[in-house]
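Down below is the structure, laid out as structure tokens.
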Amino acid sequence: MLQVKNISKNFKKNQVLNNISFQIYPGQIVHIAGRNGSGKSTLFKIITHLIKPTSGTITLDSNVKIGALIENPGFIEYESALTNLKFLANLNNAFDLSTVSNLMESFYLNPNDNSPVSKYSIGMRQKIGIIQAIMEDQNLILLDEPTRGLDPESIEQFVDLLNKLRNQNKSIIIASHDLLPDLKYDATYRLEKGLLVHE
Ligand SMILES: Nc1ncnc2c1ncn2[C@@H]1O[C@H](COP(=O)(O)OP(=O)(O)OP(=O)(O)O)[C@@H](O)[C@H]1O
Ligand SMILES: [Mg+2]
């Protein structure tokens, strides 16, 4: 699905990633931990081609469609959540109202709520960020601290959702400080001093 090979990244003299290699296969869930500033988001940005590595290669299978939630996603603040999701999916011609409505409802969001996203709480915004990363049937899903701001019931829903996605043979990489309880990981890594350590 994805092969990360010998990726290094320097920001001027600051070497953030030092020869990182790993791979993920269909139906796997991989966890990447690491302190603040250890390079988790940087690695995600390299995988999604938002930034270039200093060296190394990212190889994706030909059928891969990437969905990603990285740091704090931006939204059109004066539009509703549904309008924002419609806008994002329409960029790829992939908007499906029942998929998006079901995802919103599973996260206790009302698809018919017309309030602008500017009025949304941090957890509610985070949920829209998770939904946009999966709503187009993406099969490689990168989630950067996805449970930040989520209440316990929503975290349970999120774990159910991840298990469903795994059963659909999708590959998921989660970067966060803690492992989710009740979720089985196929591999867990830690970014430390630029190195990716297998735990
Ligand atoms: N555009 C940039 N220019 C210069 N340095 C950067 C840039 N982006 C990230 N860095 C540096 O790269 C390092 C890794 O940052 P990154 O955001 O990847 O860490 P992180 O593991 O995601 O941290 P956190 O847990 O706080 O989200 C930090 O030292 C940061 O200052
Ligand atoms: Mg980060």
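The values are calculated or read from the model by the stated rules, or taken from the named source; none is laboratory data. Being a predicted model, the structure only gives us computed values, none of them experimental. For neighbour counting, all protein chains shown are included, and Cβ atoms are generated from backbone atoms with ideal geometry for every residue, glycine included. Quick note on the areas: whole protein, heavy atoms, side chains included, nothing else; ligands and nucleic acids left out. Shrake-Rupley method; radii C 1.70, N 1.55, O 1.52, S 1.80 Å.
Between SER121, SER176, SER115, the distinction of being open to solvent by 10 Å² or more (accessible area, probe 1.4 Å) and either within 16 Å of ligand 1 (Cβ to nearest atom) or of a type in the set (Phe, Trp, Tyr) (or both) belongs to SER176 only.
Within region 13-33, the only residue that satisfies the criterion of being loosely packed, with under 14 Cβ neighbours inside 10 Å, within 12 Å of ligand 1 (Cβ to nearest atom) and not in a loop (DSSP other than H, G, I, E, B) is ASN14.
When ASN36, ASN90, ASN10 are checked against the criterion of being within 16 Å of ligand 2 (Cβ to nearest atom), among the polar types (S, T, N, Q) and open to solvent by 50 Å² or more (accessible area, probe 1.4 Å), a single residue qualifies: ASN36. Any residue at all in region 98-120 that's part of a helix (DSSP H, G or I), at pLDDT 95 or above and in contact with a strand residue (DSSP E or B) (Cβ under 6 Å, 6 or more places away or on another chain)? No. Of the candidates LYS127, LYS170, the single residue that is closer than 21 Å to VAL64 by Cα and surrounded by 19 or more Cβ atoms within 10 Å (Cβ to Cβ) is LYS170. Can you confirm whether THR57 is part of a strand (DSSP E or B) and polar (S, T, N, Q)? In short, yes.
ILE76 meets all of the listed conditions (1) under 23 Å from LYS170 (Cβ atoms); (2) part of a loop (DSSP other than H, G, I, E, B) but one, namely (1). Pairs linking a residue in region 29-50 that is touching a residue at least 60 places away in the same chain (Cβ under 8 Å) and farther than 13 Å from SER8 by Cα to a residue that is away from ligand 2 (no atom under 12 Å from the Cβ) and of a type in the set (S, T, N, Q), with Cβ atoms under 6 Å and 6 or more positions apart or on different chains, are HIS31/THR188.
Just one residue in the set LYS45, LYS65 is modelled with pLDDT of 95 or more, open to solvent by 60 Å² or more (accessible area, probe 1.4 Å) and within 15 Å of the chain's Cα centre (by Cα); that residue is LYS65. Only a single item in (1) in contact (Cβ under 8 Å) with a residue 60 or more places away in the chain; (2) open to solvent by 70 Å² or more (accessible area, probe 1.4 Å); (3) closer than 24 Å to GLN168 by Cβ is not met by GLU71, and it is number (3).
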